[in-house]
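Before any comments, here is the structure.
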Amino acid sequence: MHKKILLINDMAGYGKVALSAMIPVLSHMKYEVFNLPTALVSNTLDYGKFDILETTDYMRNSMKVWEELGFEFDAISTGFIVSGEQAELVAEFCARKSAGNSARGAAVFTDPIMGDDGKLYNGVTENTVQMMRRLVSVADYIVPNYTEAAYLAQMPYRPEGASADEIYAMIDRLRAIGAKSVVITSIVMKGMEEKSVIGYDFLKKDYFRLDFEEIPVRFPGTGDIFSSVLMGGILDGKDLKSATWRAMDIVRDMIAGNRNNKDKYKGIPLELCMEALDK
């Protein structure tokens, strides 16, 4: 029987990001995929102009209907959250459906989308960070980038590079909030040209570090692809380090194969890249 995954994230009308990226990836990996949009967005934000429709009332009503119908999921993944009200709504839903409080028990994956390169995205405030900590507190797996981890852990972001001990301390703070397993991406390491991904596997009670050479091309949505492949690997029985490495490898191949695309703002053209998931 195929495992059922609920994706709680925004839906872009133009561009392969968030739900538009995660649904095809996880469907190709043979998971049964459902979605609950947190917002409808006209296009990826990289274009500089966009429209957004938040869907909090729709989400609340859908959750109520789903509860009445008895829908259950093997995993829940959360991404872009529009407001504190949404964060609380999603956190309570995940807590009810998690392994500790539900007969079936869903694994909860959280990508706390808030910022990058040491800065919060436009419209994201310290209040948003506080609300995201509530969501992190009910997660089995979280995948923040270095910027987001620093804000969540209330530790400094070091553009010149962090030491491994600083990142381990950051992970420990995130675990103290409530997260079980942690993967921090896009870490600038002190004295190194390469970047790193550092994580902690709750099941193995062990830290790991994976270094990578960054391809100097930016596509929106690569974090969503990474999160999807990692989650799919975990649900398929891989340990966290192996699932993380495979996700890194696949994203790297997709970026390399599309680095000369003229319009990068619309993300990776996933319909042309699915063979990368089969290797």
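The values are calculated or read from the model by the stated rules, or taken from the named source; none is laboratory data. Keep in mind the model is a prediction, meaning the values are calculated, not measured. Note: ideal-geometry Cβ built from the backbone for every residue, glycine included; neighbour counts use all protein chains shown.
Looking at the range 231-246, can you tell me whether even one residue there is touching a Pro at 6+ places or on another chain (Cβ under 6 Å), part of a helix (DSSP H, G or I) and aliphatic (A, V, I, L, M)?
no
Out of the residues in the range 267-277 that are free of Cβ contacts under 8 Å to residues at least 40 places away in the same chain and part of a helix (DSSP H, G or I), state the one that is surrounded by the most Cβ atoms within 10 Å (Cβ to Cβ).
The extreme case among them is Ala276.
Give all pairs with beta carbons closer than 9 Å in which a residue from the range 238-266 that is within 24 Å of Thr44 (Cβ to Cβ) and in contact (Cβ under 8 Å) with a residue 60 or more places away in the chain meets a residue that is surrounded by 18 or more Cβ atoms within 10 Å (Cβ to Cβ) and hydroxyl-bearing (Ser, Thr, Tyr); count only pairs at least 6 apart in sequence or on separate chains.
Close Cβ pairs satisfying both conditions: Tyr265/Thr44; Lys266/Thr44.
Name the residues in the range 207-262 that are touching a Gly at 6+ places or on another chain (Cβ under 9 Å) and of a type in the set (Ser, Thr, Tyr), would you?
Tyr207, Thr222, Ser227, Ser242, Thr244
Kindly indicate the residue of the range 201-230 that is part of a loop (DSSP other than H, G, I, E, B) and among the charged types (D, E, K, R) and also farthest from Val33 (Cα to Cα) among those meeting that condition.
Glu213
Of all residues being modelled with pLDDT of 95 or more and not aliphatic (A, V, I, L, M) in the range 187-206, which is surrounded by the most Cβ atoms within 10 Å (Cβ to Cβ)? Just the residue, please.
Once the filter is applied, the top-ranked residue is Gly199.
Just to be sure, is Asp172 assigned to a helix (DSSP H, G or I) and either without any contact (Cβ under 8 Å) to a residue 24 or more places away in the chain or over 27 Å from Val41 (Cβ atoms) (or both)?
For Asp172, the condition - assigned to a helix (DSSP H, G or I) and either without any contact (Cβ under 8 Å) to a residue 24 or more places away in the chain or over 27 Å from Val41 (Cβ atoms) (or both) - is met.
With the requirement that a residue be in contact with a strand residue (DSSP E or B) (Cβ under 9 Å, 6 or more places away or on another chain) and surrounded by fewer than 21 Cβ atoms within 10 Å (Cβ to Cβ), what does the range 207-233 give you?
Residues satisfying the conditions are Tyr207, Phe208, Arg209, Leu210, Asp211, Phe212, Glu213, Glu214.
Considering every residue within the range 17-32, establish whether at least one is surrounded by fewer than 16 Cβ atoms within 10 Å (Cβ to Cβ) and of a type in the set (A, V, I, L, M, F, W, C).
no
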